[in-house]
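Quick note: the coordinates plus some simple rules give every number you see, no bench work behind them. What you see is a predicted model; the values in this text were computed from it and never measured. Note that each Cβ is placed from the backbone with ideal geometry, even for glycine, and that neighbours are counted across all protein chains shown.
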Amino acid sequence: MLFLRRSRDRWPILERLPEEHMAWKPHEKSMTVGGLATHLINLLNWQIAIFQYPEFDLSTEPQRRDALERRVLEEFDANVDKLEKLITECDEKTLGEEWTLRHGDHIILRQPRAIAFRTFGLSHMIHHRAQLGVYLRLLDIPVPGFYGPSADEETQ
């Protein structure tokens, strides 16, 4: 999966996270840099769960994982490896099977695995990757290009 390639190949934004600013946040209601990076790891764990289990119950998960205080490349890459293996082993029938996201008795969504993976997994990650880009911009750290050069990179 090209989108989820290792952090150094497809997620250069994770390499640029400033360890000295992991506790920084742009607003009182915002996540910290470290919290946002940690959330990206959690999203990979949730995507893995989409392929491993028929449902995911948020009430059984800790409300928030402690924000990492260092860059998250190793854990992110390990999760990408797990997810890519699950996707490779997955067949069309499995992708069509119903998957449920719940919080106790409250059902948040129930959809085929493929759709849950796309919306709850990938789209959610794309959103937060862009959010990290804004954080870098506010910290005056060059933002990497995702779909071509960014304003901080020379065009060739």
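Each peptide among 112-120, 17-25 gets the average number of other Cβ atoms lying within 10 Å of its residues, and from highest to lowest they stand as 112-120, 17-25.
Taking Cα centre as origin and charging only the Cβ of basic (Lys, Arg, +1) and acidic (Asp, Glu, -1) residues, the dipole magnitude of the stretch 80-128 rounds to 160 debye.
The alpha-carbon of Lys85 sits under 21 angstrom from the alpha-carbons of these lysines, leaving out residues fewer than 8 places away in its chain: Lys93.
To the nearest ten degrees, helix 73-89 and the longest principal axis of the Cα atoms of the chain are 30 degrees apart.
Dipole check for the stretch 24-156: with +1 at the C-beta of Lys and Arg, -1 at the C-beta of Asp and Glu, and the Cα centre as origin, the magnitude is about 360 Debye. When each of the peptides 124-133, 84-93 is scored by the mean number of other C-beta atoms lying within 10 Å of its residues, the order from highest to lowest reads 124-133, 84-93. What is the helix-to-structure angle for 124-138, meaning the angle in degrees between its Cα long axis and the longest Cα principal axis of the chain, kept from 0 to 90 and rounded to the nearest 10? Orientation of helix 124-138: about 10 degrees from the principal axis. Roughly what angle does helix 33-52 make with the longest principal axis of the chain, taking Cα atoms, 0 to 90 degrees, to the nearest 10? The answer is roughly 20 degrees.
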